[in-house]
Amino acid sequence: MRGGLSVLNWMDMSIKAISWQTAATEFEEIGVMGAEGYCVNVPWSCGGVGDNDYVFAFQQVVLPIASEFNPDFTIISAGFDAARGDPLGCCDVTPAGYAQMTHMCSALSGGKLLVILEGGYNLRSISSSATAVIKVLGPINAYHECNE
């Protein structure tokens, strides 16, 4: 298993991890010791996949699995190495594609959503993609009231 958060559920049935992988062998890594099926890897057999491919897989695979699991809280480990311009991922997901997938995730777990920046190897791609994701989350309220 490669994803940092996906390691959490390797043996834990209270966590469902769904990740994108470019290595087809990762498709078979599904969990162990009673937690089989709680780790789901969506493999891509080639580079160059973009918004349409990701959104289709999201609608057909990710959302049905996540909805059936019915999470109390959703964590997105946002690795932007599939972003357009990233030299490692060699994919073509645009900021709008990331925003669309984030919006779809926001319907899970009553909108209780945490997004963690995990990776990416092109600073321009990361910044534009992360900005699009943050805009989906709504306005950030910088006001914090201290009750002493």
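The values are calculated or read from the model by the stated rules, or taken from the named source; none is laboratory data. Fair warning: this is a prediction, and the values are worked out from it, not measured in the lab. Keep in mind that these areas ignore ligands, DNA and RNA; they rest on the heavy atoms of the full protein, side chains included. Shrake-Rupley method; radii C 1.70, N 1.55, O 1.52, S 1.80 Å.
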Backbone HN-Hα couplings from phi across the stretch 85-91 [Karplus 6.51/-1.76/1.60, Hz, Gly and Pro as x]: x, 6, x, 8, x, 6, 10
In terms of solvent-accessible area of protein heavy atoms at a 1.4 angstrom probe, what is the ranking of 84, 124, highest value first? 124, 84
Once phi for every residue in the stretch 71-77 is put through the Karplus expression 6.51 cos²θ - 1.76 cosθ + 1.60 (θ = phi - 60°), the whole-Hz ³J(HN,Hα) values, with Gly and Pro written as x, are x, 7, 8, 10, 10, 9, 8
